[in-house]
1. Give, in nm to one decimal, the length gained when the segment between VAL56 and ALA89 is fully stretched (0.36 nm per residue of separation minus the Cα-Cα distance).
2. Provide LYS37, LYS123, LYS96 in ascending order of the number of other Cβ atoms located within 10 Å of each residue's Cβ, fewest first.
3. What's the center-to-center distance, using Cα atoms, between the range 70-96 and the range 13-28 in Å?
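What follows draws every value from the coordinates through simple rules; no lab data is involved. Quick caveat: nothing in here was measured; it's all calculated off a predicted structure. Backbone-built Cβ (ideal geometry, glycine too); neighbour counts: all protein chains shown.
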Amino acid sequence: MHQAAEQAASGGNYSFLLILVLLFGFMYFVMIRPQQKRRKEALEMQNTLGAGDEIVTIGGLHGVVVLAEQDVVTLEIAPGVHVRFARPAIARVINKAGTAVAEPEIAEPAIEETDGPVTETRKQD
């Protein structure tokens, strides 16, 4: 009887270890791996910056890349106004230099013809 209790207790230890391994595997595929993928994409985007690219910084500042050095990117935020940012401060590229951006088509609103001026009708109590 004492031996059966020891076997049951050791089986519990293996199941606890299995649960921990499964939990770590789940956390890896749900949280860690997607974060690593996003970081890799951000680094690739920051490393491919070039002159003429329209970008947005992590602070929301829009500008055009004038000069891209190793660790610093110089942006033109207004005509003749240049600022320097660290590469990791670039959040996203809006338009790469040399690529044409398709203008969105704006549909003309349909105009309804009316017979006369608009009148308001209210219920009389």
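1. Gain on extension, VAL56 to ALA89, equals 11.0 nm.
2. Ascending Cβ contact count within 10 Å gives the list LYS123, LYS37, LYS96.
3. The range 70-96 and the range 13-28 have Cα centres separated by 45 Å.
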